[in-house]
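> One structure is given below, represented as structure tokens, and several questions about it will come after.
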Amino acid sequence: MLNGRTAIRIALLLATVTTIGCDRVTKHIAAATLAGAPGRSFLADTIRLEYVENTGGFLSLGADLPDPARTGVFTLGTGLALLFMIGAAIRLRLTGWRLLGLTLFVAGGASNWIDRALHGSVVDFINVGFGPLRTGIFNVADVAIMIGAAMLVVTELRRSRDGPDTTPVSEPAAR
């Protein structure tokens, strides 16, 4: 029988592997089927699939930076930020929805970081919208990042509304 901590660790590992795995597989499929082909439209143009290699960050910000600056910001900087977030989660002893949100955020960031480290760009291929109101082009990792960020914001808003948690933090029992 699994204890609570072990079950949580397995669930977080599963969320991480699933996020990264789904992102890697969908990017591979996008590269194989969409690269060099015209974009495809579905559901009355609500969803568009179009292959793009994004050398910048969110909405291609920083794509025009010189290569060394882009590598520094988006590969080294992102890698350090992801490690910092993992360290902060451990140090702050995040639990529950906060920990799951951070896990999704870091898993999505890690998958995009893998692209940047290996290829210098990230494969994006999904665009949604209605008429002229459209999102930027994104990928599955970006969805995980946004869901994780939303979970963190919602849990922090609830914590600030409900007041600080006054439950004492005890040291783990010695084994």
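> Within the group 31, 89, 81, which residue is crowded, with 17+ Cβ neighbours inside 10 Å and in contact (Cβ under 8 Å) with a residue 12 or more places away in the chain?
That would be 89, the only listed residue that is crowded, with 17+ Cβ neighbours inside 10 Å and in contact (Cβ under 8 Å) with a residue 12 or more places away in the chain.
> Answer yes or no: is there a residue in region 58-68 that is at pLDDT 95 or above, in contact with a helix residue (DSSP H, G or I) (Cβ under 8 Å, 6 or more places away or on another chain) and within 25 Å of residue 118 (Cα to Cα).
So in region 58-68, the residues at pLDDT 95 or above come out as none.
Scanning region 58-68 turns up no residue that is at pLDDT 95 or above, in contact with a helix residue (DSSP H, G or I) (Cβ under 8 Å, 6 or more places away or on another chain) and within 25 Å of residue 118 (Cα to Cα).
> Any residue in region 125-154 that is in a helix (DSSP H, G or I) sitting within a Cβ distance under 6 Å of a residue that is of a type in the set (A, V, I, L, M, F, W, C) and modelled with pLDDT of 95 or more? List the pairs, counting only those 6 or more apart or interchain.
As it stands, the answer is 140/22; 144/104; 144/107; 145/105; 147/104; 148/104; 148/105; 149/105, since those pairs meet every condition given.
> What are the pairs with Cβ atoms under 7 angstrom where one residue, in region 47-62, is farther than 19 Å from residue 109 by Cα and the other, located anywhere, is surrounded by fewer than 18 Cβ atoms within 10 Å (Cβ to Cβ) and of a type in the set (Val, Ile, Thr)? Sequence gap at least six, or different chains.
47/128
> Among residues belonging to region 41-55 that are surrounded by 13 or more Cβ atoms within 10 Å (Cβ to Cβ) and not hydroxyl-bearing (Ser, Thr, Tyr), point out the one that is farthest from residue 117 (Cα to Cα).
45
> Based on this model, can you work out whether residue 54 counts as closer than 30 Å to residue 131 by Cβ, at pLDDT 90 or above and in contact with an Asp or Glu (Cβ under 7 Å, 6 or more places away or on another chain)? So that I can check it myself, show each step before the final result.
Details: closer than 30 Å to residue 131 by Cβ: yes; at pLDDT 90 or above: yes; in contact with an Asp or Glu (Cβ under 7 Å, 6 or more places away or on another chain): yes.
The answer is yes for residue 54.
Here's the yes/no breakdown for (1) within 20 Å of residue 149 (Cα to Cα); (2) over 20 Å from the mean Cα position of the chain (by Cα); (3) not aliphatic (A, V, I, L, M):
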{"site": "30", "(1), (2), (3)": "no, no, no"}
{"site": "46", "(1), (2), (3)": "no, yes, yes"}
{"site": "53", "(1), (2), (3)": "no, no, yes"}
{"site": "62", "(1), (2), (3)": "no, no, yes"}
{"site": "68", "(1), (2), (3)": "no, yes, yes"}
{"site": "72", "(1), (2), (3)": "no, no, yes"}
{"site": "85", "(1), (2), (3)": "yes, no, no"}
{"site": "98", "(1), (2), (3)": "yes, no, yes"}
{"site": "103", "(1), (2), (3)": "yes, no, yes"}
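> Same structure again: Can you pull out every residue in region 37-51 that is assigned to a loop (DSSP other than H, G, I, E, B) and within 15 Å of residue 131 (Cα to Cα)?
Selection gives 43, 44, 45, 46.
The values are calculated or read from the model by the stated rules, or taken from the named source; none is laboratory data. Because the structure is predicted, anything quoted here is derived from the model rather than measured. FYI the Cβ positions are ideal-geometry reconstructions off the backbone, even for glycines, and counts take in every protein chain you see.
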